[in-house]
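Participant: Structure provided below as structure tokens; questions to follow.
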């Protein structure tokens, strides 16, 4: 071996950027929220699975419940790309779970609405979800949950304004 290869190399530790206490707290909240999202997706998949659905498909079915939203509007509500929701909506339509209807507000953006079959699947999922939510919610007070929800809604609003890292 040559001398250059025989020498050990050490990782250079770089100092972490300094954050304020509020920045540290926000970072910890963000990490916790990401972990929560993973757990909620897994739980959603388990709740929707017996109805032949996934968490993502369930969300689109719920968005189509009233038949008053376009795919783009459902995507905005869910915080997802229009293209991702469009792909799911098209699959759900092919399976007879949603149907597209004319949109009086927009010529090309059809409204997504549930079919009878879609409404039955959504009801089946929501019945399981109600039992699950009641069981988990029993570990907290309703006031605690409302405070947490309000805080998360404020964080979402701040993130929507920020658009990722403009600070």
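Participant: Select from region 47-70 the residues that are modelled with pLDDT of 95 or more and at positive phi and list them in ascending order.
Facilitator: Within region 47-70, 52 is the sole residue that qualifies.
Participant: Please enumerate the residues belonging to region 108-142 that are surrounded by 15 or more Cβ atoms within 10 Å (Cβ to Cβ) and either out of contact with any helix residue (DSSP H, G or I) (no Cβ under 7 Å at 6 or more places or on another chain) or free of Cβ contacts under 8 Å to residues at least 60 places away in the same chain (or both).
Facilitator: Once the filter is applied, which keeps residues that are surrounded by 15 or more Cβ atoms within 10 Å (Cβ to Cβ) and either out of contact with any helix residue (DSSP H, G or I) (no Cβ under 7 Å at 6 or more places or on another chain) or free of Cβ contacts under 8 Å to residues at least 60 places away in the same chain (or both), region 108-142 yields 109, 110, 111, 112, 113, 114, 115, 118, 119, 126.
Participant: Given the structure, is residue 73 over 18 Å from the mean Cα position of the chain (by Cα) and either at pLDDT 95 or above or surrounded by 12 or more Cβ atoms within 10 Å (Cβ to Cβ) (or both)?
Facilitator: For residue 73, the condition - over 18 Å from the mean Cα position of the chain (by Cα) and either at pLDDT 95 or above or surrounded by 12 or more Cβ atoms within 10 Å (Cβ to Cβ) (or both) - is not met.
Participant: Within the set of pairs 6+ apart or on separate chains, which have a first residue in region 89-104 that is touching a residue at least 24 places away in the same chain (Cβ under 8 Å), a second that is in a strand (DSSP E or B) and surrounded by fewer than 17 Cβ atoms within 10 Å (Cβ to Cβ), and C-beta atoms under 8 Å apart?
Facilitator: Final answer for the pair search is 101/110; 103/109; 103/110.
Participant: Go through 80, 47 for me and flag whichever is surrounded by 11 or more Cβ atoms within 10 Å (Cβ to Cβ), outside any helix (DSSP H, G or I) and under 19 Å from the mean Cα position of the chain (by Cα).
Facilitator: Checking each option against the conditions leaves just 80.
Participant: Further, regarding this structure: Could you check region 95-109 and list, in sequence order, the residues that are under 20 Å from residue 57 (Cβ atoms) and more than 24 Å from the chain's Cα centre (by Cα)?
Facilitator: 101
Participant: Could you list, in sequence order, the residues of region 58-74 that are touching a residue at least 40 places away in the same chain (Cβ under 8 Å) and part of a helix (DSSP H, G or I)?
Facilitator: 58, 60, 61, 62, 63, 71
Participant: If only one of 47, 28 is touching a residue at least 60 places away in the same chain (Cβ under 8 Å) and within 27 Å of residue 136 (Cβ to Cβ), which one is it?
Facilitator: 47
Participant: Residues of region 83-107 being at pLDDT below 95 and crowded, with 16+ Cβ neighbours inside 10 Å, which ones?
Facilitator: Hit for region 83-107 is 103, nothing else.
Participant: Of the residues in region 137-167, how many are at pLDDT below 90, over 13 Å from residue 30 (Cα atoms) and assigned to a loop (DSSP other than H, G, I, E, B)?
Facilitator: Residues that pass the stated criteria total 4.
The values are calculated or read from the model by the stated rules, or taken from the named source; none is laboratory data. Treat the numbers as computed from the prediction; the structure is a model and nothing was measured. Here the Cβ is made from the backbone with ideal geometry for all residues, glycine too, and neighbour counts use every protein chain on show.
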